[in-house]
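Enquirer: Below is one structure. I have some questions about it.
The values are calculated or read from the model by the stated rules, or taken from the named source; none is laboratory data. Keep in mind it's a predicted model, so treat the numbers as computed, not measured. With ligands, DNA and RNA removed, areas are computed over all heavy atoms of the protein, side chains included. Shrake-Rupley method; radii C 1.70, N 1.55, O 1.52, S 1.80 Å.
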Amino acid sequence: QVFFDAYNKKFGSDGSHEALDWKECTERVEEFKRQFIHQNIIDTEIDDTSMMQWLGSLQIHDFYSTKQRLLSAQRSEEELLIKGAEPPVGKEKTGTKEDTN
């Protein structure tokens with residue numbers, strides 16, 4: 001469904017324009033969705049089973065966001081540095097005597 005919230009807030013009650021909405025078309029829109037959109041989704045799934053294939057692959061996914069993975073990696077690296085381990089290749093320790101030379 002298309003929404004005209006910004007337009008309606010700006011112009012819908014200015015006296016020159018009417019607010020835009022779908023109230024008059026709600027029944028026809030719902031019938032269109034049932035007849036064409038939902039039916040197309042059903043027919044496509046019957047033909048190529050893409051949803052079933054995706055469901056079958058869930059066990060290989062970790063479900064962590066990129067941000068969660070980066071934060072976890074950063075915490076692990078900080079824990080190693082606190083314990084005195086060398087930083088990973090390409091990373092330099094800061095605040096050491098070697099930095100001032």
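Enquirer: So which residues in the stretch 25-49 are assigned to a helix (DSSP H, G or I) and farther than 30 Å from Phe3 by Cα, if there are any at all?
Expert: Matches in the stretch 25-49: Ile46, Asp47, Asp48.
Enquirer: Looking at the structure I just gave you, is Ser57 of a type in the set (S, T, N, Q) and at pLDDT below 90? Give the derivation first.
Expert: Values: of a type in the set (S, T, N, Q): yes; at pLDDT below 90: no.
Taking the combined requirement at face value, the residue does not satisfy it.
Enquirer: Of all residues in the stretch 21-52, which are of a type in the set (A, V, I, L, M, F, W, C) and open to solvent by 70 Å² or more (accessible area, probe 1.4 Å)?
Expert: Of everything in the stretch 21-52, those that are of a type in the set (A, V, I, L, M, F, W, C) and open to solvent by 70 Å² or more (accessible area, probe 1.4 Å) turn out to be Trp22, Phe32, Phe36, Ile37, Ile41, Ile42, Ile46, Met51, Met52.
Enquirer: Among the numbered criteria (1) open to solvent by less than 90 Å² (accessible area, probe 1.4 Å); (2) part of a helix (DSSP H, G or I), which single criterion is violated by His17?
Expert: (2)
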